[in-house]
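Just below is one structure, and these are the notes that go with it.
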Amino acid sequence: MDFGVIGCGNLGKVLSSKLANEFHLNFILCRNKACKDELEKFNISESKVIASLNEIKSLPDVFVVAVSDNSIIEVIHQIAGQFQRQLKGKYFFHTSGITSTDEFKPLIHYNVKYFAAHPFQTFYNADASIFNNLIWGVEKGNTSENEISDILNHVNGIPLFLDFKDKKQKILYHLTAVATSNFFKGAIEFAKYLSKLSNLNNTKIIEQIVVQSVKDSFSKFGTNEFPLTGPLARKDALTIQKHLNALSDEKDLYKIYSYFSLATLEIMKKNGNLTNEEFKNLSNLFNL
């Protein structure tokens, strides 16, 4: 089974590298010259790189649409218009975590099989090994679970079949991935700024807290327990005020500290770790 990847972003490049390593890559379509130049370091042969649909010599068994969410429907229309009945029996899936399988409607009367498969991972600085035993969130579309499992097996992926009651649930599924990646990294980035400000600048001490914090959080996963330590957990207003005073000349970091603290207080209140009165008193410390 061979694959054609449409899209040359972080995911498209790494996925194409994985497929190329396993001898399953038919082509990667890359219109962006800067991205195209990067493909060499992903061990993707220049002969596999195309710039338009017109350059496809033979249709792959599987089309992977790995473009931005707002470009998916445009790409699907272009493929439908270009190949029409040649698409019969081909598989299509897009990698968006937020877009439904409805985007494949232009292809339905060509008897294609389609689904959505979202790799639940972040791809900022990844290589092909990231796909080994990676869980993919899957909406089945009109494709059987066995067929989808076989397709994802080509990149050593594990399907997690999802059954959303409505579009809101899929948006919240995607938000779970965003919160896990973006907010977590944002907190670490904030710690890096504070480390520099304190003339510490030692990644190891931050790393050891991050590792233990992740272990603590996952040990309580599925429970309502928030394994928090520090001044917020102790409701220590005096220490919090000292933090704010220390950041008084760093307005941007003052705001970041305040917003992170306020978000944490909201979680504590939701988990029942704070009374309404305690929440109010601690929240009033942050003057934004």
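Cβ-Cβ distances below 9 Å connect the following pairs, each with a first residue in the range 98-112 that is over 14 Å from Val75 (Cβ atoms) and touching a residue at least 12 places away in the same chain (Cβ under 8 Å), a second residue that is in a helix (DSSP H, G or I) and β-branched (Val, Ile, Thr), and a separation of six or more residues or different chains: Ile98/Ile171. Number of residues in the range 106-150 that are in a helix (DSSP H, G or I) and over 21 Å from the mean Cα position of the chain (by Cα) equals 9. The single condition from (1) in contact with a Ser or Thr (Cβ under 9 Å, 6 or more places away or on another chain); (2) free of Cβ contacts under 8 Å to residues at least 60 places away in the same chain; (3) in the same structural domain as Thr101 (by TED's automatic domain parsing) that Thr180 fails is (3).
Starting from residues that are free of Cβ contacts under 8 Å to residues at least 24 places away in the same chain and of a type outside the set (Asp, Glu), keep the ones in the range 187-197 and report whichever is farthest from Lys251 (Cα to Cα). Even if it seems obvious, please write down each step before you answer.
Just the residues of the range 187-197 that are free of Cβ contacts under 8 Å to residues at least 24 places away in the same chain, to begin with: 188-189, 191-192, 195-196.
Filter once more, keeping what is of a type outside the set (Asp, Glu): 188, 191-192, 195-196.
Numbers: Ile188: 19, Ala191: 16, Lys192: 16, Ser195: 16, Lys196: 16 Å.
Only one residue tops the list, namely Ile188.
Out of the residues in the range 87-98 that are more than 18 Å from the chain's Cα centre (by Cα) and not aromatic (Phe, Trp, Tyr), state the one that is nearest to Ile158 (Cα to Cα).
Start the filter on the range 87-98 by keeping residues that are more than 18 Å from the chain's Cα centre (by Cα), which leaves 87-92.
Those left that are additionally not aromatic (Phe, Trp, Tyr): 87-90.
Numbers: Leu87: 26, Lys88: 26, Gly89: 23, Lys90: 21 Å.
In this case the residue turns out to be Lys90.
Under the condition of being touching a Phe, Trp or Tyr at 6+ places or on another chain (Cβ under 8 Å), surrounded by fewer than 16 Cβ atoms within 10 Å (Cβ to Cβ) and assigned to a helix (DSSP H, G or I), the residues counted in the range 267-282 number 1. Return a yes/no flag: does the range 43-58 have any residue that is in contact (Cβ under 8 Å) with a residue 40 or more places away in the chain and farther than 17 Å from Phe131 by Cβ. Within the range 43-58 (the criterion being in contact (Cβ under 8 Å) with a residue 40 or more places away in the chain and farther than 17 Å from Phe131 by Cβ), the answer is yes, since at least one residue qualifies.
Go through Leu232, Leu228 for me and flag whichever is surrounded by 11 or more Cβ atoms within 10 Å (Cβ to Cβ), at pLDDT 95 or above and not in a helix (DSSP H, G or I).
Leu228
In the condition set (1) hydroxyl-bearing (Ser, Thr, Tyr); (2) within 21 Å of the chain's Cα centre (by Cα); (3) farther than 24 Å from Leu160 by Cα, Thr101 is compliant with all but (3). Restricting the range 17-55 to residues that are touching a helix residue (DSSP H, G or I) at 6+ places or on another chain (Cβ under 8 Å) and β-branched (Val, Ile, Thr) leaves a set whose member that is surrounded by the fewest Cβ atoms within 10 Å (Cβ to Cβ) is Val49.
Go through the range 1-98 and tell me which helices (runs of 4 or more DSSP H), entirely inside it, have 2 or more residues that are under 30 Å from Lys167 (Cβ atoms), at pLDDT 95 or above and aliphatic (A, V, I, L, M). Quick ask: steps written out before the conclusion?
Numbers: elements: 10-21, 33-38, 72-83.
Qualifying helices (runs of 4 or more DSSP H): 10-21, 72-83.
Looking across the range 118-148, the residues that are out of contact with any Phe, Trp or Tyr (no Cβ under 8 Å at 6 or more places or on another chain) and among the aromatic types (Phe, Trp, Tyr) come down to Phe123, Tyr124, Phe131.
The residues of the range 197-221 that are basic (Lys, Arg), surrounded by 10 or more Cβ atoms within 10 Å (Cβ to Cβ) and part of a helix (DSSP H, G or I) amount to a single one, Lys215.
The values are calculated or read from the model by the stated rules, or taken from the named source; none is laboratory data. Model, not experiment: these values are computed from the prediction. For neighbour counting, all protein chains shown are included, and Cβ atoms are generated from backbone atoms with ideal geometry for every residue, glycine included.
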